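Taking it in order: structure first as structure tokens, then the write-up.
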Amino acid sequence: MTARVAPCCGDFQAEGETHTLEPITRPSGTGRRTAAAALLVGLVALLLAPLTVLAPPAQAATLCIAQPGSTGCINGTVGNRTNPVEGADVTLLDENQVEIETQTTEADGKFAFQLDQAGTYYILVDPDSLPDGLEIRPPAKAFQGPDGSIKVDVKLGQSQAPALNVRDVDYDAGGAGFGEQLIQSIAQGLRLGLLLALASIGLSLIYGTTGLSNFAHAEQVTLGGMVGYGLCNVLGMNLWLGIVLTTLICGATGFFQDAVLWRPLRRRGLGLTQMMIVTIGLSLAAQYAFQFFVGASQKKVVVQNFDVVTIGPISLTGMSYVAMAISLVVIGVVGFVLLRTRVGQATRAVSDNPALAAASGIDVDRIVRGVWTIAAALAGLGGILYALVVSNGIRWDTGMQILLLLFAAVTLGGLGTAFGAFVGAIIIGLVVELAGPLGAPGDLKYAVALAILILLLLVRPQGLLGRAVRVG
Amino acid sequence: MSDVSTAQGLADPAARKALMAEVERVPGAAKPDPILKVDKIVRRFGGVTAVDVEHLEVQRGIITALIGPNGAGKTTFFNLITGFDKPSSAGQGAAWTFQGKSLNRTAASSVAKAGMVRTFQLTKSLNRMTVIENMLLGAQGQTGERLALSMFRPTWRSQEREVNEKALGLLERFKLLEKKDDYAGSLSGGQRKLLEMARALMTDPTMIMLDEPMAGVNPALTQSLLGHVQSLRDEGMTVLFVEHDMHVVRHISDWVVVMAEGRVVAEGPADTVMSDPAVVDAYLGAHHDTDLGDDALLEDGVIAGLEEEEKQRNEEAGA
Amino acid sequence: MDQIFFILQSVVGEAIAPATAGVAIAVIGLNIHFGYTGLLNIGQAGFMLLGAYGMAISITKGLPMVIAVLIGLLLALIFATILGAPTLKLRGDYLAIVTISAAEIIRYVGRLASLEGFTGGAQGIPGSQYSGPFRNLSFFGSGSWTLSPFNYETLGGSTAVRLLGLLVTIALITVTVLFVRRTKLAGVATRSPMADGLVITGLVVLSLLAVLFTFPQTLTRTGVDGWWVRGVAWTVVLICSLLVLLLVRSPWGRLLRGVREDEEAMRSLGKNVFAVKMQALIIGGMFGALGGMVYVLASTVQADALARQITFFAYTALLLGGAATIFGPVLGTVIFFGARILVREASRIYVPDSIIADNKTDVFSLMVVGVALMLLVVYRPQGILGDKRELRFHV
């Protein structure tokens, strides 16, 4: 049993935190720990124990190994040791500020430039390519280059590792006061909340009409982003057309899902618990299908970055405002349909009591089919917008990361009530974005939302807008 | 406790008649020896009042029938007094006592432990367990049900044997003995009703509350079920049951309580209460074509039950 | 042929790995939750992580091994109580959502950079910091050892002998499974449980010997990832299985199944449903914590290694083996992890790179897991050992 350990070279080791892309590590280590890097890489290697074959972490930047006398290297990671930044555009400039090469970091945040001439170079990270609210921590005076770039002296045969740590934009900046920061967070929270609402309304409708907690719903969100990536980025379609088409395609997947999977299962009389486990299986299969077919790295829906538009204390990308408007309009339309049309009435009737609805002449199967379609379409729309304005791209596990927020939103509002899901989503969005400014560590902002959910269930189990269920 | 309500005395129909003869025929009448007393119990679903009972007493040792048109709140009333639902009037005078013990804040399981055991309109047999396992679950105070002792068989082996004997005896009485190792889910609807009643008896109840025991039971079984109910009474148990079928009610009940729109509208012996104007009004006013004494209703009982459930859910949803 | 043996050799290696044993214990706990009581705990990985952290941190802070294990179990107890209190009176979905959320919270907290002194942050706690006291308990001696010592190589090592061994192995495993299913189908009143138990034990031991005859494993006796940790891990699995056997065959176990079938009926029979569910959640959660400890014995306590996927794998393994059966969890886990390696290696060796690149075989195997879970629930919900008749009746 041997473990293949990735090559390590000098300075690289310090930065050697690998973020493994393996979804599960089956550790069965051999205790070697000359360096943290070796251990982690070894862990991944032993994932495949006892075989010697190792699936290399997908597409990490090729490490540059300096050859004495011929090449010099600049290797590094964008972000800090524990949280590498993905999708950052790192540009290498020569001493005259002329661009030589640009790399976009993968999930491990790594970049590597190989140079065959010693001298002074500059590294510039495109601020727009960083996730919202983050900026590169300015280096010490001696390393500061023009326009926020970082100066690196390269010698042949050596590898340099410039520090490209990130920090919150408002980190001790002094300029933005606490109040403004709060307003900015509220704006971001509303943005996140509206996008979550798009997805969670569908989740709630499905729950209401079929009683099913759909764990694969978040994969519909990912699917939206993926389809958007395929249409707009790969095929180069116009963004607006792409958004519309994505929504339609995702809606169609909902339709077919119900036709080939859920309806037959309902017909078989499969219990709700079993159905729920089927959704878990579907969620797993879909996640790895994304990873299998699209890859493990972050994919951007559109190549260009959006300009930041500042309104008073609020700075968001222009696209963010558009996305919020789209969400509001779509949610409004869904609300109108639910409240004011016959189809909506029928849907609510099915939610209240499927047997009675069927008895009074409503075609329950058709309503449920429609709900699946709409739910998937909304999730897809939410997905592509989320990829555009919140997560700066889409990855196979983007949906999985927000799944719990969706459930929290739906539960918070009261299981099965669409309007409750909307309110819940807005609250969850605000909580997540406000957690930081109000003192929670950045890593915990999702955890805060979940903790609030658990606390709420203690006090008001039926959710904010749900009604107590009659027993007996 | 009054001496008239001894088990032996009430096996005799004449004694029961004499006992109830003095009781006023008005809603909420006082009984000579009430086992259950209910005061000011109100349950609202949204804006609709499902149950609003000002006062009710149930006499010990006899069979009391609770009747009323669909949506009268009988099942909800059952749920309330057995702890399966909470009255909206909790804290506003709602009070009910069983054998003098207050049950206002008692959980459903403790109500059962206190000796008041119920069955359900839609049978709740434990389908993926065998008939005998269903029965064994009914026994109270089992040492082996304590987590800490469950792993040590000697601590509960002899008790398990006794409980098993008792269960077999009851199964025999309810003609389910040869089914004892079948899954409860494989029984017919009527057999499940029997099983549920037998299981309730495993708890050694003082009072048994049957929610539509005849619904869905085929006519051949009905007779034996009625016989069981009567023999329970003759053994000294108090029986309160909800029933739609007036034939059944007239046949076995010693006292009838009529509910309509959540209220108790009349009380009295079966033969006279049906002519009470309030009762006629309640049935005819409820827009239901209930023929007050048609055997065919036996078959329709389940459907009626479902309708009632749906109606209540509707009221709740519409509010 | 050699390639097939090579694949199977690694499958057997994976199947007996300590991590597999750890997950098996967690699945045993999940079986109490889901299989017997009907509780939808989707945060079993959280219990595992808590147990692992509890033990590892205690040891790194200088506490003795026994105390450390107890602390891990205690944490699971507290965690289960906190999760159960608000949710066990509500419908099942709430428990599902709360457990999965809470498990994630534990993972997030474990990864916190500010807690690096305790949890090691995202990198976790390397095994060398806590597995020393455990290895010191070993009486296995040093050096390496092959199990079984009597194997196809002692008989000349020819392919024919090995093939024969493989056939015998398959036959024995089939007989064992069929026999276990038959005793299960006989219902509660098995004629002679003792004799059945002996036969099953005998068959299992024989199957194991046949497996190890055909695919002998050579490992260090006491090393970090050697026979000592495997021996202990699988002994714990055995003890846990026997504990569950005692628990579920008692009136208490009957309570669990009653609650699974119908809570209201149980209430009407005077049973405190909340207490029963809480007991089940705690007991199953403690099995989960124990599983977590075993899982990390030979490796690292790392938050992301015990994320949601592990819970989902646990469900797949449970349904594969058969929910609400005694040995289903262990059988299911072993087959699950073995099969995953089988799929991965087979797709690596036999499927051309143009269809599945070598670096994607792992992802492919996980995709297969998801699909398998769906198919399993739909077409064979009783798993390998379960009783189909039970599933005919919907609750």
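The values are calculated or read from the model by the stated rules, or taken from the named source; none is laboratory data. Quick caveat, the model's predicted, so the values are computed rather than measured. FYI the Cβ positions are ideal-geometry reconstructions off the backbone, even for glycines, and counts take in every protein chain you see.
Can you tell me how many residues in the range C:352-383 are of a type in the set (S, T, N, Q), facing chain A (nearest Cβ under 7 Å) and in contact with a helix residue (DSSP H, G or I) (Cβ under 6 Å, 6 or more places away or on another chain)?
Initially, the range C:352-383 is screened for residues of a type in the set (S, T, N, Q), giving C:354, C:359, C:361, C:365, C:382.
Now drop any that are not facing chain A (nearest Cβ under 7 Å), which leaves C:359, C:361.
Filter once more, so that each one left must be in contact with a helix residue (DSSP H, G or I) (Cβ under 6 Å, 6 or more places away or on another chain): C:361.
Looking only at that region, the number is 1.
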* Out of A:ASN233, A:ASN214, sole residue that is in a loop (DSSP other than H, G, I, E, B) and within 19 Å of the chain's Cα centre (by Cα) -> A:ASN214
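If we only count strands (runs of 3 or more DSSP E) wholly inside the range B:1-97, which ones have 1 or more residues that are modelled with pLDDT under 85?
Working: elements: B:34-45, B:48-59, B:63-67.
In the range B:1-97, the matching strands (runs of 3 or more DSSP E) lie at B:34-45, B:48-59.
Does B:THR222 meet the test of being hydroxyl-bearing (Ser, Thr, Tyr) and without any contact (Cβ under 8 Å) to a residue 24 or more places away in the chain? Spell out the reasoning first.
Numbers: hydroxyl-bearing (Ser, Thr, Tyr): yes; without any contact (Cβ under 8 Å) to a residue 24 or more places away in the chain: no.
Spelling it out, it is not the case that B:THR222 is hydroxyl-bearing (Ser, Thr, Tyr) and without any contact (Cβ under 8 Å) to a residue 24 or more places away in the chain.
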* In the range C:266-283, which residues are within 11 Å of chain A (Cβ to nearest Cβ) and of a type in the set (Gly, Ala, Ser)? -> C:SER268
* Select from the range A:412-445 the residues that are surrounded by 22 or more Cβ atoms within 10 Å (Cβ to Cβ), part of a helix (DSSP H, G or I) and within 11 Å of another protein chain (Cβ to nearest Cβ) and list them in ascending order. => A:LEU412
* So C:LEU198 clears everything in (1) farther than 23 Å from C:GLY383 by Cβ; (2) away from chain A (no Cβ under 14 Å); (3) at pLDDT 90 or above except one condition, right? Which one? -> (3)
* **Evaluation of C:MET286 against (1) in a helix (DSSP H, G or I); (2) touching a Phe, Trp or Tyr at 6+ places or on another chain (Cβ under 6 Å); (3) within 14 Å of chain B (Cβ to nearest Cβ) (one fails), failing number** => (2)
* Looking at (1) crowded, with 24+ Cβ neighbours inside 10 Å; (2) within 14 Å of chain C (Cβ to nearest Cβ); (3) more than 23 Å from C:LEU256 (Cβ to Cβ), find the lone condition where B:ASP85 falls short. => (1)
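At least 3 residues that are hydrophobic (A, V, I, L, M, F, W, C), out of contact with any Asp or Glu (no Cβ under 8 Å at 6 or more places or on another chain) and more than 8 Å from chain C (Cβ to nearest Cβ) in each: list the helices (runs of 4 or more DSSP H) lying fully within the range B:107-174 that qualify.
By residue number, B:153-173.
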* Tabulated pairs, the range C:205-216, first touching a residue at least 24 places away in the same chain (Cβ under 8 Å), second among the charged types (D, E, K, R), C-beta under 8 angstrom, 6+ apart or interchain -> C:THR214/C:ARG162; C:PRO216/C:GLU153
* Evaluation of C:VAL343 against (1) more than 17 Å from A:PHE292 (Cβ to Cβ); (2) part of a helix (DSSP H, G or I) (one fails), failing number -> (1)
* Filtered residue count, the range C:299-339, keeping only those that are in contact with an Asp or Glu (Cβ under 9 Å, 6 or more places away or on another chain), among the small types (Gly, Ala, Ser), within 12 Å of another protein chain (Cβ to nearest Cβ) and surrounded by 24 or more Cβ atoms within 10 Å (Cβ to Cβ) -> 2
* To do: Might you check whether a residue that is within 8 Å of chain A (Cβ to nearest Cβ), among the acidic types (Asp, Glu), closer than 17 Å to C:TYR315 by Cα and in a helix (DSSP H, G or I) occurs anywhere in the range C:80-102?
  => yes
* Selected residue (criterion: farthest from the chain's Cα centre (by Cα)) from residues of the range A:372-395 that are farther than 27 Å from A:VAL308 by Cβ and buried (at least 23 other Cβ atoms within 10 Å of the Cβ) -> A:TRP372
* Among the candidates C:LEU269, C:LEU246, C:LEU281, single out the residue that is in the same structural domain as C:TYR36 (by TED's automatic domain parsing), without any contact (Cβ under 8 Å) to a residue 60 or more places away in the chain and touching a Gly at 6+ places or on another chain (Cβ under 6 Å). => C:LEU269
* Scan the range A:80-131 for residues that are under 17 Å from the mean Cα position of the chain (by Cα) and part of a strand (DSSP E or B) and jot them down. => A:PRO84
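Only one of these is in a helix (DSSP H, G or I), at the interface with chain B (Cβ under 7 Å from one of its Cβ atoms) and in contact with a helix residue (DSSP H, G or I) (Cβ under 9 Å, 6 or more places away or on another chain): C:ARG230, C:ARG257. Name it. Lay out the reasoning, then the answer.
Working: C:ARG230 fails: at the interface with chain B (Cβ under 7 Å from one of its Cβ atoms).
Of the residues listed, the single one that is in a helix (DSSP H, G or I), at the interface with chain B (Cβ under 7 Å from one of its Cβ atoms) and in contact with a helix residue (DSSP H, G or I) (Cβ under 9 Å, 6 or more places away or on another chain) is C:ARG257.
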* Selection within the range A:192-229 - under 13 Å from A:ALA408 (Cα atoms) and aromatic (Phe, Trp, Tyr) -> A:PHE215
* **Candidate set: the range A:293-322, residues that are surrounded by fewer than 20 Cβ atoms within 10 Å (Cβ to Cβ) and within 15 Å of A:ASP397 (Cβ to Cβ); chosen: the one modelled with the lowest pLDDT** => A:GLY295
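I need the full set of residues from the range B:185-206 which are assigned to a helix (DSSP H, G or I) and of a type in the set (Ser, Thr, Tyr), in order please.
So the first thing to find is which residues in the range B:185-206 are assigned to a helix (DSSP H, G or I), and the list is B:185-186, B:189-201.
Hit for the range B:185-206 is B:SER186, nothing else.
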* Asked: Is one or more of the residues making up the range C:201-215 at pLDDT 90 or above and within 14 Å of chain A (Cβ to nearest Cβ)?
  -> yes
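Hey, among C:GLY124, C:GLY117, which residue is closer than 21 Å to C:ALA305 by Cβ, out of contact with any Cys (no Cβ under 7 Å at 6 or more places or on another chain) and either of a type in the set (D, E, K, R) or touching a residue at least 24 places away in the same chain (Cβ under 8 Å) (or both)?
On the way: C:GLY117 fails: either of a type in the set (D, E, K, R) or touching a residue at least 24 places away in the same chain (Cβ under 8 Å) (or both).
That would be C:GLY124, the only listed residue that is closer than 21 Å to C:ALA305 by Cβ, out of contact with any Cys (no Cβ under 7 Å at 6 or more places or on another chain) and either of a type in the set (D, E, K, R) or touching a residue at least 24 places away in the same chain (Cβ under 8 Å) (or both).
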